[in-house]
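Q: Sharing a structure here in structure tokens format.
Since every read-out is calculated from the coordinates, none of them should be taken as a lab result. Here the structure is a predicted model, which means the values were calculated and not measured. Here Cβ is always computed from backbone atoms with ideal geometry, including for glycine, and neighbour counts include all displayed protein chains.
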Ligand code: NAD
């Protein structure tokens, strides 16, 4: 795949642009080259989307829906090939990558249906001789900026909804995973008229900066860190462009003492250690009611110690590498900060280099207890395979400690008591709460954060609203002749 720029219906190799080697985070092997495009490509991509805008907006919803269905079908026919790109470039084990590919297809399938259900309103008029109409129109050229941790699903969550709404799109994927974006776009490109969806790969600066400041962009939909999200909000403010932000999290996972340890352990493994902990909705803080603290710590320590770490392409691997050296160093810093403050390390706590892992960014799945408040791993997003387990006594204390964060993306509650589940769910200041459910994300539902975890929602019917705006038309009836 030498060509990663897809502009105005044509693949380009970015002549004159910088080209970088993309390496596997597991082995360090070169897996391809990627174009790091600049402001010239940014301008052309936005111009192509502007040009295609009226045509796509006026395309009948059924036709837009068919295009989205065709993309979903194409993904379904290429699961293995796409999954291998994800594992090679991002690192997650192949079975997980296949899951991401199917999740990616689910957004195109879901929004294929929603494309046909965009309706306005006709409010009753307060006076005779007058009609009021509220139309829904696509906002216009959309810039989708995505992270590397779910390199195909995060594109789909934005692209499918924007296309269903009638917006044309420029996608800028993370510089760590340009090849996954290009692989997905093979199917996207074949289903759409030129200019409707464009792909440009490159660095935050100059490419990202050129795009977020381009006057042709009317909507920016961003998934990534809170720090960059804040910067994008400032950039969009200058021209009052619409912005949706899916940002970082710091998820509390609360286990009440009526929960079943045998059910909670596998749920924690999924919520924390999947994708080596590099998930925005990953458990970041594990609060366990005191009676269950010791038995859960023991059972979990055994389970975590048995997780097989390795190259995601190898059969049996459960935990792959981290994305890069900086991610690894952040996890190392969080663990040494916690242990220096008195936390006890039950499992892991070190970089893995033996057994052929020395060329990758591997960190041992880790579990700590007695982590004191104030430790970095409780206040910042760790984004790695490390869980801090803390004891609490009362429901009120769990709520207070869980909410003690500027983030508000996801929270989890494990209990068999419906009353407890209701009280906790209502009191937790998070955009999504999984009750006995460690993986609540789905294409069918609105996902997003409260507080510094974001603005707006993605997925579900609400995810479509982010790409639409209202137009009000008032009609006064001419007098009868
Ligand atoms: P990041 O913020 O570093 O980068 C995200 C994207 O923004 C990349 O495409 C990057 O190139 C681009 N970018 C960075 N600076 C830019 C600039 N100045 N102008 C334009 N574009 C710029 O985040 P990341 O490391 O790729 O992803 C990890 C973060 O994403 C974590 O914080 C994670 O929680 C978050 N995330 C959130 C969700 C969610 O649904 N809320 C989902 C996945 C990941």
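Q: I'm checking a number: the convex hull volume of the Cα atoms of the range 13-128, normalised per residue, in Å³. What is it?
A: Given the Cα convex hull of the range 13-128, per-residue volume reads 187 Å³.
Q: Next question, about the same structure. When the convex hull of the C-alpha atoms of the range 97-225 is computed, what volume per residue in Å³ does it have?
A: 146 Å³
Q: Which order, highest average first, do 180-193, 51-64, 204-217 follow once you tally other Cβ atoms within 10 Å for each residue and take the mean per peptide?
A: Top of the packing list down: 180-193, 204-217, 51-64.
Q: Can you say what percent of the DSSP beta bridges in the range 132-257, counting only those with both residues inside, are antiparallel? Round to 5.
A: 0 percent
Q: If you don't mind, there's one more thing I want to ask. Once R0 is set to 51 Å, what does the formula 1/(1 + (r/R0)^6) return for the Cβ-Cβ distance between residue 379 and residue 121, expressed as a FRET efficiency to the nearest 0.05?
A: That pair, residue 379 with residue 121, gives E of 0.70.
Q: Under a plain spin-label model, where a point goes 7 Å from the Cα along Cα-to-Cβ, how far apart in nm are residue 294 and residue 344?
A: Label-label distance for residue 294 and residue 344, simple model: 1.0 nm.
Q: One quarter of the convex hull surface, Cα atoms only: what value does that give for the range 387-481 in nm²?
A: 10.6 nm²
Q: Quick check of the Kirkwood formula: for the chain, what is the inverse mean of 1/r over all pairs of different Cα atoms, in Å?
A: 23.4 Å
Q: Note the full-extension length gain between residue 427 and residue 29 as 0.36 nm times their separation in residues minus their Cα-Cα distance, in nm to one decimal.
A: Length gained between residue 427 and residue 29: 138.5 nm.
Q: Additional query: Taking Cα atoms, how many degrees apart are the long axis of helix 79-89 and the longest axis of the chain, rounded to 10 and kept between 0 and 90?
A: 60 degrees
Q: With angles folded into 0 to 90 degrees, how steeply does helix 153-165 sit against the dominant principal axis of the chain? Use alpha carbons for both and round to 10.
A: 20 degrees
Q: What nm value, rounded to one decimal, do you get for the distance between residue 227 and residue 333 when each label is placed 7 Å out toward the C-beta?
A: About 0.8 nm separates the two model spin labels.
Q: Would you kindly compute the Cα radius of gyration of the range 3-61 and its largest Cα-Cα separation (Dmax), both in Å?
A: Gyration radius and largest Cα-Cα distance of the range 3-61: 15.7, 48 Å.
Q: Here is a follow-up. Compute the acute angle (0 to 90°) between the alpha-carbon long axis of helix 226-237 and the principal axis of greatest extent of the alpha-carbon atoms of the chain; round to the nearest 10°.
A: It works out to around 20 degrees.
Q: Let me ask you something else. Report the label-to-label distance for residue 436 and residue 418 in nanometres (one decimal), using points 7 Å from each Cα along the Cα→Cβ vector.
A: 1.1 nm
Q: Sort 337, 260 so that the residue with the fewest other Cβ atoms within 10 Å of its own Cβ comes first and the one with the most comes last.
A: If I rank by nearby Cβ atoms, fewest first, I get 260, 337.
Q: Can I ask one more? Tell me, in nm to one decimal, what length is gained between residue 471 and residue 58 on full extension, where the rule is 0.36 nm per residue of separation less the Cα-Cα distance?
A: 147.1 nm is the gain from fully extending residue 471 to residue 58.
Q: Moving on. Go ahead and estimate [θ] at 222 nm for the chain from helices alone: -39,500 (n - 2.57) per DSSP H run with n ≥ 4, summed, over the residue count, rounded to 500.
A: Value at 222 nm, helices only: -11500 deg cm²/dmol.
Q: Averaging sequence separations of C-alpha pairs under 8 Å and six or more residues apart, then dividing by the length of the range 112-166, give the relative contact order as a whole percent.
A: The normalised contact order for the range 112-166 reaches 36 percent.
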